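The values are calculated or read from the model by the stated rules, or taken from the named source; none is laboratory data. Owing to the predicted nature of the structure, the values given are computational and were not obtained by experimental measurement. As a convention, Cβ positions derive from the backbone with ideal geometry for all residues, glycine included, and neighbour counts pool all protein chains shown.
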Amino acid sequence: MDDVHESELLPVYHAEVAEWAVALAGGVAPRLFMLVREDFGEDDDAVVTEEVLAFGIVMPDGSAATVPLSGRGFGRWLTPESASRRTSSDLVWLSPAQ
């Protein structure tokens, strides 16, 4: 490869196309989330460290897929909640439930 990391095609954002695509998926739009970890340290005066572990998407069957910020690798989970539990992180929803 010649180090091309993005599409040469321009993205298309049209509400009517989005509605059509959601209808193709059985009327279920993907729901987005992040996995965030907080570390409070060992003593009461410790500074809170926050870290975004991954971005995620909920599939139509309720399972989830995550991608770390580095973009290297991905995770497949039974649910977003199981991803949160297994990574000891907080589940932060980025889009509303339908």
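Name every residue in region 38-59 that is at pLDDT below 85 and of a type outside the set (Asp, Glu), in order of residue number.
Selection gives 40, 41, 46, 47, 48, 49.
Any chance you could count how many residues in region 52-75 are out of contact with any Gly (no Cβ under 9 Å at 6 or more places or on another chain) and in a strand (DSSP E or B)?
Total satisfying the criteria: 5.
List the residue pairs whose Cβ atoms are under 7 Å apart, where the first residue sits in region 18-41 and is free of Cβ contacts under 8 Å to residues at least 24 places away in the same chain, the second is of a type in the set (Ser, Thr, Tyr), and the two are 6 or more positions apart or on different chains.
39/49
So residue 33 fits all but one of (1) modelled with pLDDT under 85; (2) within 16 Å of residue 98 (Cα to Cα); what number is the exception?
Exception for residue 33: condition (1).
How do the pairs read when you match residues in region 80-94 that are crowded, with 18+ Cβ neighbours inside 10 Å with residues anywhere that are assigned to a loop (DSSP other than H, G, I, E, B), using Cβ under 9 Å and keeping only pairs 6 or more apart or on different chains?
Pairs found: 80/62; 80/63; 83/89.
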